[in-house]
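A quick write-up on the structure given underneath.
The values are calculated or read from the model by the stated rules, or taken from the named source; none is laboratory data. This one's a predicted model, so the numbers in the text were calculated from it and none came from an experiment. When we count neighbours, we look across all protein chains shown, and the Cβ atoms used for this are built from the backbone with ideal geometry, even at glycine. These area figures cover heavy atoms from the full protein model, side chains too; ligands, DNA and RNA do not enter into them. Shrake-Rupley method; radii C 1.70, N 1.55, O 1.52, S 1.80 Å.
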Amino acid sequence: MRHQGFSTVELLIVVGIIGLVAAFVVPKVLGGSDSSRHKAVLKSTILAIDSIVEQAMLEGALPTDSGSVSVMQQLFRNKLNAVKVCIWAAGTNGCWDATNQGATNGAGGFVLANGVNASRIMRYSFSGNVYSEILIDSNGATGPNQEGIDQIFGYICYTPSGCPGIQSDAGKFTARYAPNEAYYEALFSN
């Protein structure tokens, strides 16, 4: 006698194999989209900050001393259309958990409409170099909050001739410390 179609056991085996393959593939596909989103958001934020600093340098709007933190925060906040301002004072913060971000009294930052946090904006002067530190987090307080995954830390040089003391070109974001340097290269390699 000739059978037509598949038996129930055969169908269950095929469905089980498809389910097993999907259990491995779907998380990798979805995880890859998160990684791509983090990279795209970080890259666009870095490019926007670079553009703001370059324009301010051309207009002579950048202060030349390290004491003008509020001027830089105001410049970034206005040009990046921040929806919330964050100022640390006496160990408190207004926007996110700063325990792992090396927050300094007087440092501040902001939250953008797309959820990006830019923090630790402090101006420094070192060996004739005037620059800011900045930590950019692509998804704010949502995890994993790790440099090289959804965060990148670096400097922005305000000295027109560049900042050789921190190996940074004028008006450009420069990633500092591993894993930030490799992550930065990966962001801008394609």
Report summary line: When (1) in contact with a Cys (Cβ under 9 Å, 6 or more places away or on another chain); (2) at pLDDT below 80; (3) surrounded by 15 or more Cβ atoms within 10 Å (Cβ to Cβ); (4) of a type outside the set (G, A, S) are applied to P63, the one that fails is (1)
Report task. Kindly provide the set of residues from region 157-178 that are more than 14 Å from the chain's Cα centre (by Cα) and within 23 Å of V41 (Cα to Cα), ordered by number. Result -> C157, S168, D169, A170, G171, K172, Y177, A178
**Report entry** Output for region 140-167, where each listed residue is in contact with a helix residue (DSSP H, G or I) (Cβ under 9 Å, 6 or more places away or on another chain), open to solvent by 60 Å² or more (accessible area, probe 1.4 Å), at pLDDT 80 or above and assigned to a loop (DSSP other than H, G, I, E, B)
**Finding:** I149
Report summary line: Subset of region 168-178, residues at pLDDT below 80 and aliphatic (A, V, I, L, M), comes to A170, A178
Query raised in the report: Going by the conditions given, is A182 hydrophobic (A, V, I, L, M, F, W, C) and at pLDDT 80 or above?
Result: yes
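How many residues, within region 89-110, are at pLDDT 60 or above and over 22 Å from C157 (Cα atoms)? Steps first, answer last, please.
Taking region 89-110 first, the residues at pLDDT 60 or above are 95, 107-110.
Right, trim to over 22 Å from C157 (Cα atoms) and you get 95.
Adding up the residues that qualify gives 1.
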